[in-house]
Amino acid sequence: MSLRIGTRGSALALAQTERVVELLADRGVDADVVTITTEGDTTIGVPLHAIGGQGVFVRALDDAILRGEIDAAVHSMKDIPAARPAGLTCCAVLERDSPADFLAHEVPLDALRVIGSSSTRRRAQILRDDPTLEVRQLRGNVDTRIRKLREGRYDAIVLAEAGLERLGLTLEGEPLPVGRFVPSPNQGTIAVVCRDDPAVVETLATLDDARTRLDVGVERAVMEEVGGGCFTPQGIYCRDGDLVAEVLSLDGSRWERIERRVTTIDEARVCGRELRERAADLIREAYAALGIRP
């Protein structure tokens, strides 16, 4: 079987897709890469939540699959929204890379004053850790963010460590501890989405890592129950059934957090509902501050 694999055109997206293509080649499956531009790639002058959240990176590729232009698409799994169109399935979840955020900086830690990040979660966690810091908006691909750091627009920027590793980039700085800076749900994970065609699903399912799928499935179940998407600062991380999940205020001054041992998706959903109830005020405040109706 020969497959058409869709991807965004960023260096990171192409690197992730090339990994999938190489894994398929190892299994005797040919694949052609089709590059598709998404709204998230072309609209970079505004915060992500203002153009629809993480789903803007996925929508164009979903549509291309449903129109039959490609057979499958490769995504950073954290970009895939909870609500999914009919006719699509997540056929493979690759073994997870580092889930951690990476603080890149070229000045001493005690000299940091301005941090670049467009993530409401990262902003809240940074301010919780040090309320004296200023967090400024930073959008663009990895190369653009690094260039802005080196131009001195920021003292430090926060990136996903997995993205740097996939691009083969080594920067001054350090990974942030996941217990204190709880990652976005599914961070560090590559997912393959395809049309709901048994032959295509069966071919791509050979790439699936069962351990990673369960962990990210737990995270996604909690995320779906909590709601809020990228509008509400939330970190959700599970490793081998050990779950930590939190929702923060936008300024990082308040938060609700749970730490549990979770063995099933149903248990994860119970945890998500509990966290949503405990963090209801924080979620409402985030929506109101951003001018978004829940």
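List of remarks:
- Per-region count, the range 87-97, residues part of a loop (DSSP other than H, G, I, E, B) and either without any contact (Cβ under 8 Å) to a residue 12 or more places away in the chain or closer than 13 Å to VAL216 by Cα (or both): 4
- Residue check, CYS238 within 15 Å of the chain's Cα centre (by Cα) and crowded, with 18+ Cβ neighbours inside 10 Å: yes
- When each of THR120, THR144 is tested for being under 29 Å from ILE5 (Cα atoms) and at pLDDT below 95, the lone residue that passes is THR144.
Yes/no matrix, rows are residues, columns are (1) among the hydroxyl-bearing types (Ser, Thr, Tyr); (2) out of contact with any Cys (no Cβ under 8 Å at 6 or more places or on another chain); (3) part of a helix (DSSP H, G or I); (4) surrounded by fewer than 24 Cβ atoms within 10 Å (Cβ to Cβ):
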site	(1), (2), (3), (4)
ALA191	no, no, no, no
ALA199	no, yes, yes, yes
ARG213	no, yes, yes, yes
GLU219	no, no, yes, no
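- Some residue of the range 152-162 being in a helix (DSSP H, G or I), on the phi < 0 side of the Ramachandran plot and in the same structural domain as GLU69 (by TED's automatic domain parsing): no
- Among the residues making up the range 57-82, those that are buried (at least 18 other Cβ atoms within 10 Å of the Cβ), among the acidic types (Asp, Glu) and not in a loop (DSSP other than H, G, I, E, B) are ASP62, ASP79.
- Some residue of the range 201-218 being touching a helix residue (DSSP H, G or I) at 6+ places or on another chain (Cβ under 9 Å), of a type in the set (Gly, Ala, Ser) and more than 28 Å from LEU133 (Cβ to Cβ): yes
- Only one entry of THR189, THR212, THR203 meets the criterion of being of a type in the set (Ser, Thr, Tyr) and either more than 25 Å from ALA64 (Cβ to Cβ) or free of Cβ contacts under 8 Å to residues at least 60 places away in the same chain (or both), and that entry is THR212.
- Selection count, the range 238-263, where residues are part of a loop (DSSP other than H, G, I, E, B) and either touching a Gly at 6+ places or on another chain (Cβ under 7 Å) or not aliphatic (A, V, I, L, M) (or both): 9
- Which numbered condition ILE126 misses (of (1) in contact (Cβ under 8 Å) with a residue 12 or more places away in the chain; (2) surrounded by fewer than 22 Cβ atoms within 10 Å (Cβ to Cβ)): (2)
- Beta carbons closer than 8 Å, at least 6 apart along the sequence or on distinct chains, pair a first residue in the range 1-25 that is under 18 Å from ARG96 (Cβ atoms) and in the same structural domain as ARG67 (by TED's automatic domain parsing) with a second that is at pLDDT 95 or above and part of a loop (DSSP other than H, G, I, E, B) for ARG19/LEU94; VAL20/LEU94; LEU23/LEU94.
- The set of residues in the range 110-120 that are surrounded by 12 or more Cβ atoms within 10 Å (Cβ to Cβ), out of contact with any helix residue (DSSP H, G or I) (no Cβ under 8 Å at 6 or more places or on another chain) and either outside any loop (DSSP other than H, G, I, E, B) or free of Cβ contacts under 8 Å to residues at least 12 places away in the same chain (or both) contains only VAL114.
- Considering GLU219, GLU246, GLU202, GLU174, the condition of being in contact with a Phe, Trp or Tyr (Cβ under 8 Å, 6 or more places away or on another chain), under 21 Å from GLU95 (Cα atoms) and not small (Gly, Ala, Ser) is satisfied by GLU219 alone.
- Looking across the range 250-274, the residues that are within 28 Å of SER117 (Cβ to Cβ) and surrounded by fewer than 14 Cβ atoms within 10 Å (Cβ to Cβ) come down to SER253, GLU259.
- Subset of the range 77-112 (residues that are touching a Phe, Trp or Tyr at 6+ places or on another chain (Cβ under 8 Å) and modelled with pLDDT under 95): ASP79
The values are calculated or read from the model by the stated rules, or taken from the named source; none is laboratory data. No experiment lies behind these values; they were computed from the predicted model shown. Here the Cβ is made from the backbone with ideal geometry for all residues, glycine too, and neighbour counts use every protein chain on show.
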